[in-house]
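As structure tokens, the structure follows; a few thoughts come after it.
No lab work stands behind these numbers, since they all come straight from the coordinates. The structure displayed is predicted, hence computed values, not measured ones. Neighbour counts are summed over all protein chains in view; Cβ atoms, including those assigned to glycine, are modelled from backbone coordinates with ideal geometry.
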Amino acid sequence: MERRNIQIERNIIENAVMAAKDFLKKHRSKVLYAFLAVVFLFAAAVSAYLYYEHRAKNEMVKFEEIMEQYRSLEKKADASPAAFLMTIGEMKNLVESSRWGFVHTMGDYILGGMYLKNKNYDDARRHYLRFADKNPKSDFSILALRNAAVASEYSGNYNEALQTYQKLEELHGNSSYGDQIYYDCARMYQKKGDLFKAKEYFRKVISAHPRSIFALRSRHRLFLLAYQEKNLK
């Protein structure tokens with residue numbers, strides 16, 4: 001009897017399944033190790049997420065406790081400076097130990113405000129600048145830089161304040177905050193005695209933002225400068 005070769009035709013899916021079976025038979029140990037590695041990585045990722053959630057939650061609880069303590073001190077007329085420093089120190093320790101989440105992101109901004117209110121201008125400036133450096137795209141970055149400049153002003157360091165305002169101009173001069181940024185630059189030049197640059201920036205406010213409240217203030221400043229110069233002649 002004549003023998004006939006019977007060829008079984010399979011579709012693409014069946015061929016893929018058969019190829020997978022052959023691969024598993026030949027590389028059984030490697031596949032097992034790979035599977036265990038995937039399971040391990042998944043378990044590690046879940047553990048890391050749960051740890052993150054737990055730590056972030058605990059940090060927020062501690063953060064709220066410190067803020068409540070700080071607010072209660074602000075309400076007391078006889079609160080001692082030492083009590084404020086102790087509370088701010090607790091917040092600083094919490095922020096510096098944090099690695100992620102709200103406390104890590106906003107901690108330096110909060111600390112900057114605490115130090116500024118308590119007239120510790122050097123530390124206020126340092127924390128505001130650190131926040132701005134770490135979060136350049138945050139909406140709070142502009143406020144942090146301005147507050148850093150204000151802290152330098154309060155400490156009498158006008159050169160430092162002007163440098164920060166110039167950085168603000170470079171980064172955000174074309175934003176909706178441009179009128180105030182130009183105005184602050186003009187004020188600093190005036191305080192430093194550079195009246196030519198001061199008038200230049202006051203005019204810049206007026207031309208770029210004619211309807212702004214800072215344009216009105218700039219006109220007033222220019223009028224006073226012109227009056228002073230006239231009397232000096």
(request) Provide the gained length on full extension for the span K191 to K119, in nm with one decimal, where the gain is 0.36 nm per separating residue minus the Cα-Cα distance. (result) 23.8 nm
(request) Would you list the P(r) distribution for segment 60-165, with all Cα-Cα distances sorted into 5 Å bins from 0 and each bin expressed as a whole %? (result) 2, 13, 23, 22, 19, 13, 6, 1, 0
(message) Please report the spacing between the Cα centers of segment 122-180 and segment 188-202 in Å, no decimals.
(response) 19
(request) Show me 115-126, 181-192 ranked by packing, highest mean number of other Cβ atoms within 10 Å first. (result) 181-192, 115-126
(request) For L85 and A208, compute 0.36 nm times the residue count separating them, minus their Cα-Cα distance, and round to one decimal in nm. (result) 40.0 nm
(request) With a 10 Å radius around each residue's Cβ, average the other Cβ atoms per peptide and rank 60-70, 143-153, highest first. (result) 143-153, 60-70
(message) On a 26 Å Cα-Cα criterion, which of the cross-link pairs K117/K204; K134/K199; K75/K134; K167/K191; K57/K167; K167/K192 come out too long?
(response) K117/K204; K134/K199; K75/K134; K57/K167
